[in-house]
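The values are calculated or read from the model by the stated rules, or taken from the named source; none is laboratory data. Since the model is a prediction, treat every value here as computed from it, not as a measurement. Backbone-built Cβ (ideal geometry, glycine too); neighbour counts: all protein chains shown. Heads up: the accessible areas ignore ligands, DNA and RNA and are worked out on the full protein's heavy atoms, side chains in. Shrake-Rupley method; radii C 1.70, N 1.55, O 1.52, S 1.80 Å.
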Amino acid sequence: MADEDKENQCDNVVPLLRAVQMECADLPQTGKNEAVESMIELVRDAVRESEISPEGRDTAAEYDEVVFKKRFGFSVNAAQRRSIFALKREADLTDDEICLLKRSGSLRYDHNPATIDAPRSLLILGLLMMAATTVFAVSILLKTGFGELKSLALIPIPIAMVIGLVYLIVLIDKQYVRPYRIARRIKESARRSFPDWRNPPGC
């Protein structure tokens, strides 16, 4: 689809350049060349801007499965891509947030627009897991600091364990905590954007 768009842009450029050439036919040769070159540069700038603009990138990813997969790391059908971009525009999500929601299993794109499934129970579970992991990591550091290891050669082992536990905390945060925070941010934004239905504005 992206290739077809580029071909359509090129098809539109050719008649435009021919029209410029006809209008510049009565000009001196030097002025004619300068006018044509100036118009060509303007058209090239417009094409480049359309390809790198956020709207152009979103449109390309929405209608092209290959572009979408390259951008987000997973593949869905056309209807699901439309629902995801509808949510992205409505909730003002970033690409990283969409990828995070997909990896955590919190992104539901079976209907339009897509929704975020991040209940409070998962948040509580994630916080408990992070707390337990943190206590375990601190206990390892304390035992190492008080010299319970019989050999200095064993010191890298608890250090590696602590690094692994810190990485685990980061994964738990992405899997359970951040999806809930994103969903909460969207709800708060919607609440600020729309007035209370119980107090409608006067007609």
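For S75 and H111 in one chain, what is 0.36 nm times their gap in residues minus the Cα-Cα distance, to one decimal in nm? All intermediate terms of the calculation are to be shown ahead of the outcome.
On the way: separation 36, 0.36 × 36 = 12.96 nm, distance 1.62 nm.
The span from S75 to H111 would gain 11.3 nm if fully extended.
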Counting only protein heavy atoms and using a 1.4 Å probe, what share of the accessible area of the stretch 64-180 belongs to carbon plus sulfur, as a whole percent?
64
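Would you mind calculating the gained length between F136 and I155 on full extension (0.36 nm times residue separation, minus the Cα-Cα distance), in nm to one decimal?
Details: separation 19, 0.36 × 19 = 6.84 nm, distance 1.65 nm.
Stretched out fully, the F136 to I155 stretch lengthens by 5.2 nm.
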Taking the simple approach of a point 7 Å from Cα along Cα-to-Cβ for both I163 and V66, what is their distance in nm?
4.0
How large is ³J(HN,Hα), in whole Hz, for each residue of the stretch 77-83 in order, when computed from phi with the Karplus curve 6.51 cos²θ - 1.76 cosθ + 1.60 and θ = phi - 60°, using x for Gly and Pro?
7, 5, 5, 5, 4, 5, 5
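Using only alpha carbon pairs under 8 Å that are at least six residues apart, calculate the relative contact order of the stretch 120-193 and give it in whole percent. Provide the component values of the computation, followed by the final result.
Working: 37 pairs, mean separation 35.9, N = 74.
Over the stretch 120-193, the number comes to 49 percent.
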